[in-house]
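Asks: A single structure is presented below for examination.
The values are calculated or read from the model by the stated rules, or taken from the named source; none is laboratory data. On a predicted model such as this, the values are computed, not experimentally measured, just so you know. Note that we place each Cβ from the backbone using ideal geometry, even for glycine, and neighbour counts take in every protein chain shown.
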Ligand SMILES: Nc1ncnc2c1ncn2[C@@H]1O[C@H](COP(=O)(O)OP(=O)(O)OP(=O)(O)O)[C@@H](O)[C@H]1O
Ligand SMILES: [Mg+2]
């Protein structure tokens, strides 16, 4: 059965999109079939994959159909999926229309479950993992992602203000667990952009102390290779480099956590 993982943190610029793509390719290199979904109107994941827009529908079309009580069939879902041969993953892009989702979801019946109804297991049969790149907000789209997911991964930048909002995100995860999705599991908090500064070390120590059960032992160091990979539309895992190796190690660690 396909596992759905949300990569979430309402704080901006912490490495959600970078983690989604590179974890996706790392899992693909382990032999898994992976679909990544861009659930952010900024469409950074789509851009990272070199998507420049086309005539086909995107995640916002699927969400809108369900929100308007229209049925979607397997072929509708399939028509939204693109393939990035180079990065070894399939993906559903986003577009700016997703910015209207908060508005049209307001009037939708069972508005928190719209994405869950888009991601029917029968449409996901050929995938081992679906990874959702969430937007930096605590709104309805994030709640949709968490309601549709089995697992959540939280990238946290080991810098000043790292703890800002983390508590409220984990509280929301627990509320969703108590109400809309009792199977939701926090798979891991991933320290990102770590470096040799005292600030980074202290933040890491505090994260380890505060969240000992969910903090990942794999951390992602700060490196310009991350920005370069977005320009090249190419996962860090495809070249020999430190960040690529770290994302591969993270995939193995998260896989072990998930099956335990
Ligand atoms: N390990 C890293 N080292 C250095 N820079 C990084 C690293 N990871 C990501 N970056 C850079 O930091 C910026 C933010 O990363 P990213 O887009 O992945 O964050 P995000 O959480 O998805 O942001 P948003 O909240 O806007 O969606 C990007 O320019 C990215 O290239
Ligand atoms: Mg992003």
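Asks: Tell me, please, whether a residue that is more than 16 Å from ligand 2 (Cβ to nearest atom), modelled with pLDDT under 95 and part of a helix (DSSP H, G or I) can be found in segment 240-255.
Replies: Yes: segment 240-255 contains one or more residues that are more than 16 Å from ligand 2 (Cβ to nearest atom), modelled with pLDDT under 95 and part of a helix (DSSP H, G or I).
Asks: For the subset of segment 1-17 comprising residues that are within 14 Å of ligand 1 (Cβ to nearest atom) and more than 9 Å from the chain's Cα centre (by Cα), which member is nearest to residue 251 (Cα to Cα)? Give the derivation first.
Replies: Filtering segment 1-17 for residues within 14 Å of ligand 1 (Cβ to nearest atom) gives 6-17.
From what is left, the residues that are more than 9 Å from the chain's Cα centre (by Cα) are 9-15.
Numbers: 9: 19, 10: 22, 11: 23, 12: 23, 13: 21, 14: 18, 15: 15 Å.
Result: 15.
Asks: Residues in segment 179-188: is at least one touching a helix residue (DSSP H, G or I) at 6+ places or on another chain (Cβ under 8 Å) and within 14 Å of residue 23 (Cα to Cα)?
Replies: The answer is yes; a qualifying residue exists.
Asks: Name the helices (runs of 4 or more DSSP H) wholly within segment 80-193 that hold at least 1 residues that are more than 16 Å from ligand 1 (Cβ to nearest atom), within 16 Å of the chain's Cα centre (by Cα) and modelled with pLDDT of 95 or more?
Replies: Numbers: elements: 101-106, 114-118, 140-148, 166-178.
The qualifying helices (runs of 4 or more DSSP H) are 114-118, 140-148, 166-178.
Asks: If you take the residues in segment 18-33 that are more than 8 Å from ligand 1 (Cβ to nearest atom) and surrounded by 24 or more Cβ atoms within 10 Å (Cβ to Cβ), which one is farthest from residue 230 (Cα to Cα)?
Replies: If we filter segment 18-33 for residues that are more than 8 Å from ligand 1 (Cβ to nearest atom), which is where we start, we get 21-33.
Pick out the ones that are also surrounded by 24 or more Cβ atoms within 10 Å (Cβ to Cβ) and you get 21-27.
Numbers: 21: 10, 22: 11, 23: 14, 24: 14, 25: 14, 26: 16, 27: 19 Å.
Once the filter is applied, the top-ranked residue is 27.
Asks: A follow-up question, please. Which of the following residues is surrounded by fewer than 19 Cβ atoms within 10 Å (Cβ to Cβ) and touching a helix residue (DSSP H, G or I) at 6+ places or on another chain (Cβ under 8 Å): 74, 87? Let's see the steps before the verdict.
Replies: Numbers: 87 fails: surrounded by fewer than 19 Cβ atoms within 10 Å (Cβ to Cβ).
Exactly one residue qualifies, and that residue is 74.
Asks: State yes or no: is residue 38 touching a residue at least 24 places away in the same chain (Cβ under 8 Å) and touching a strand residue (DSSP E or B) at 6+ places or on another chain (Cβ under 7 Å)? Walk me through it before giving the result.
Replies: Numbers: touching a residue at least 24 places away in the same chain (Cβ under 8 Å): yes; touching a strand residue (DSSP E or B) at 6+ places or on another chain (Cβ under 7 Å): yes.
Taking the combined requirement at face value, the residue satisfies it.
Asks: So which pairs qualify, if the first residue must be in segment 3-23 and within 18 Å of residue 128 (Cβ to Cβ), the second must be within 6 Å of ligand 1 (Cβ to nearest atom) and not in a helix (DSSP H, G or I), the Cβ gap must be under 6 Å, and the two must be at least 6 apart or on different chains?
Replies: Once the first residue is within 18 Å of residue 128 (Cβ to Cβ) and sits in segment 3-23, no partner that is within 6 Å of ligand 1 (Cβ to nearest atom) and not in a helix (DSSP H, G or I) comes close enough.
Asks: Looking at 216, 173, 237, can you tell me which residue is over 23 Å from residue 136 (Cα atoms), surrounded by 18 or more Cβ atoms within 10 Å (Cβ to Cβ) and more than 16 Å from ligand 2 (Cβ to nearest atom)? Don't jump to the end; show me each part of the working.
Replies: Values: 216 fails: over 23 Å from residue 136 (Cα atoms); 173 fails: over 23 Å from residue 136 (Cα atoms).
The unique qualifying residue is 237.
Asks: Now, a different point. Going by the conditions given, is residue 39 touching a helix residue (DSSP H, G or I) at 6+ places or on another chain (Cβ under 7 Å), within 18 Å of residue 97 (Cβ to Cβ) and more than 16 Å from ligand 2 (Cβ to nearest atom)? Don't jump to the end; show me each part of the working.
Replies: Details: touching a helix residue (DSSP H, G or I) at 6+ places or on another chain (Cβ under 7 Å): yes; within 18 Å of residue 97 (Cβ to Cβ): yes; more than 16 Å from ligand 2 (Cβ to nearest atom): no.
Here the answer is no, as residue 39 does not meet what is asked.
Asks: Now for a separate question. Please state which of the following conditions residue 42 fails to meet, knowing it meets all the rest: (1) farther than 25 Å from residue 255 by Cα; (2) assigned to a helix (DSSP H, G or I); (3) within 15 Å of the chain's Cα centre (by Cα).
Replies: Exception for residue 42: condition (2).
Asks: Looking at residue 11, is it part of a loop (DSSP other than H, G, I, E, B) and more than 13 Å from ligand 2 (Cβ to nearest atom)? Give the derivation first.
Replies: Values: part of a loop (DSSP other than H, G, I, E, B): yes; more than 13 Å from ligand 2 (Cβ to nearest atom): no.
Judged against the criteria, residue 11 is not a match.
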